[in-house]
1. Determine which single condition Arg462 fails, assuming it passes every other condition in (1) touching a helix residue (DSSP H, G or I) at 6+ places or on another chain (Cβ under 8 Å); (2) over 15 Å from Leu341 (Cβ atoms); (3) modelled with pLDDT under 85.
2. Go through the stretch 93-127 and report how many residues are under 16 Å from Tyr152 (Cβ atoms), out of contact with any Cys (no Cβ under 7 Å at 6 or more places or on another chain) and not aliphatic (A, V, I, L, M).
3. Among the residues of the stretch 362-413 satisfying the criterion of being surrounded by fewer than 24 Cβ atoms within 10 Å (Cβ to Cβ) and among the acidic types (Asp, Glu), which is modelled with the highest pLDDT?
4. Go through (1) at pLDDT below 95; (2) part of a strand (DSSP E or B); (3) open to solvent by 10 Å² or more (accessible area, probe 1.4 Å) and name the single condition Lys272 misses.
5. So for the stretch 425-434 (the condition being of a type outside the set (Gly, Ala, Ser) and free of Cβ contacts under 8 Å to residues at least 60 places away in the same chain), does at least one residue qualify?
6. Assess whether Thr201 counts as being closer than 22 Å to Val123 by Cα, among the β-branched types (Val, Ile, Thr) and surrounded by fewer than 20 Cβ atoms within 10 Å (Cβ to Cβ).
7. Counting residues that are assigned by the TED database to the domain that holds Asp364 and more than 15 Å from Val368 (Cβ to Cβ), which strands (runs of 3 or more DSSP E) fully inside the stretch 381-480 reach at least 1?
8. Taking only the stretch 84-115 into account, find how many residues are over 22 Å from Asp375 (Cβ atoms), in contact (Cβ under 8 Å) with a residue 60 or more places away in the chain and either hydroxyl-bearing (Ser, Thr, Tyr) or open to solvent by 10 Å² or more (accessible area, probe 1.4 Å) (or both).
Amino acid sequence: MENLEAKSGMNRRDFLKAGGMGTLALTLGSTGVLTLGSKAFADTANNPTSGFGGYGPLVPDPNEILDLPKGFHYKIISEEGGQLTSGGKIPGAFDGMAAFEGPKNTTILVRNHELGTSAANPVVGTKPYDVTSLGGTTALIVGPNRNVIKEYVTSSGTIRNCAGGATPWGTWLTCEETRSETHGYVFEVDPRQPENEMSRTPIKEMGRFSHEACAIDPATGYVYLTEDASPSYLYRFIPNDVSQKPGALHKGGKLYAAAIGEIDDVAASTFKTGQKFGIVWKELDPHFCREDAAKHGCIQFKKLEGAFFQAGVFWFDDSSAGEKNLGRIYRYVPSTNTLELFYEATDAKDMESPDNICMTPWGDLWFVEDGAGKDRLMGITPEGKIYPFASNHLSDSEMAGPTFSPDGKTLFVNIQSPGKTFAIWGPFQRRNSARAREMSFAAPSKHFAPQVSDKLVEFAERQGMSILEAAAFVRHGLEI
């Protein structure tokens, strides 16, 4: 920051409060390759048509399924009720998803099914964890032509497999969004060894709670987990075995929840001049983790959803937080132990109820919405742009599970109900690790940076904190 200030002549406060941001838009559609129309639904007066600022206005899909930008194409590669390779039906309620490199230039998709104890199209496995529960996961082997070669069940007998997270060693952590005596756990699924013993053995020390998503810091092997409940807590699991191999997480570890400094009661605490705050992690009983988190005064979020780890930073969102209940995006930097409020939505046209999130190969942060009306897939750039990339015509069904193929040339995403998995391709930007690092550590532009008072700016400077860090603390009840 000092070097930037020296070069620009701006002090830290000017830099963090400066900036501006245009809006962007995009579109496409059809079950095959489509030629796009010219009508757009967003103002494009100041928007670039391609590149790092987005991909231009969305073009209405004549099939009224999925709008995308000009030059992009989609195909529906899997639909609820279709045929699995084994002959059974493709389960419903498509949700979280991850993509892995497969043999012979294929992509292996692992997909969650957010089903409970009744469903028109349940997950029917051969070795379920619980025969009365109808959720689980499936896998799709997708060829370089984006056609499905094989589709099969990889785990079964779980409840409300909502989101989860990919591991650096090529497996999928599927999370149950429920909590009972026998459910509310994380399961590790290896798509290359479907329904093996590991896939039906809950990792109980990762907590019994209404899980949403998780992400792993590849530098340490620590797992960060979000909770879809109200209130919800942010958890961290430190494995006993950090070898980062299939099954290592089953060897146990310790579960923690995030708290602010050594404060026991966040809502009643007050900052004092000269006081320094950071995140501390309170150890929990994994079977009663919510109760312990409350007892230890851990940070209470409103309703946590998506999670993603990239370039040294853990990103997560709170879907209905903020003054207008439109959602927030946070980032936690383990190396500095810093929690920052990156974006608090104030206008539904920019963000409404963010859910699953991912980082693009070229460094933008993308999130899908689960709000009212037509949900979208939106992007935020390190340069301070926010733009839509896709819009779902089905107003009563959310988008879910955005994930890129290992080569970065294909985006896979779901519509939850009736379940559809899409393969999307077009002029995506090439991989850019430098922009990914920039996204991790850049201050957000004024357009979507947290709105703060001069008093908070002065306070942050006195405390030696970033404005984003101070804003995160204040949003959780700490007075200045």
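The values are calculated or read from the model by the stated rules, or taken from the named source; none is laboratory data. Source: prediction; values computed, not measured. Methodologically, a virtual Cβ is constructed for each residue, glycine included, from the backbone with ideal geometry; neighbour enumeration extends over all protein chains shown. For the accessible areas, the whole protein counts, side chains as well, though only heavy atoms, and no ligand, DNA or RNA atoms are used. Shrake-Rupley method; radii C 1.70, N 1.55, O 1.52, S 1.80 Å.
1. (1)
2. Final tally of qualifying residues: 13.
3. Residue satisfying both the conditions and the ranking: Asp407.
4. Every listed condition holds for Lys272 apart from (2).
5. no
6. So Thr201 passes the test.
7. 410-415, 420-425
8. 7
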